[in-house]
Amino acid sequence: MKRSYLELITLPTFEERFNYLKLCGRPSEVTFGRNRNLNQMLYHSPQWKTIRQKVIIRDNGCDLGIAERPLSKSALVHHLNPITIEQVTNHDPAVFDLNNLITVSLQTHNAIHYGALERLTPTSPIERKPNDQIPWR
């Protein structure tokens, strides 16, 4: 399945966007992320730093571009379609394609790769009752 930012932004909720992007825990799939040297060369390059900034600005610094989920910590830029070593070494345009990139939190990024949407979904506060924290009552 070829994912695209233009299709992703038509999905209104965080859960729908997450489900569109999740990779269903396929950590054995070889991507360029496994090649630490190449990974660091790419992510420290001026071209990556420029495109990263454009993506974060476009997404207003929000997790999966959802306005109600602004990031308070560092933003990551995630490839919607995992890239390969060959794509990086051959300078494939998909590596820097704005339609293949989205702003995410570290937690969301890890959940996309390894699962666990439940940890990302905010829960309602527990309704407190008088004396509910006093064990002897």
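The values are calculated or read from the model by the stated rules, or taken from the named source; none is laboratory data. The shown structure was predicted, so the numbers you read here are calculated from the model rather than taken from an experiment. So basically every Cβ, Gly included, is an ideal-geometry build from the backbone, and we count neighbours across all protein chains shown.
For residue 47, indicate whether it is surrounded by 11 or more Cβ atoms within 10 Å (Cβ to Cβ), at pLDDT 95 or above, more than 18 Å from the chain's Cα centre (by Cα) and of a type outside the set (Lys, Arg).
So residue 47 passes the test.
Among the residues of segment 79-98, which ones are of a type in the set (S, T, N, Q) and under 14 Å from the mean Cα position of the chain (by Cα)?
The answer is 81, and nothing else.
Out of all the residues in segment 1-24, which are outside any helix (DSSP H, G or I) and surrounded by 12 or more Cβ atoms within 10 Å (Cβ to Cβ)?
3, 4, 9, 11, 22, 23
Based on this model, can you work out whether residue 74 counts as modelled with pLDDT of 85 or more and polar (S, T, N, Q)?
For residue 74, the condition - modelled with pLDDT of 85 or more and polar (S, T, N, Q) - is met.
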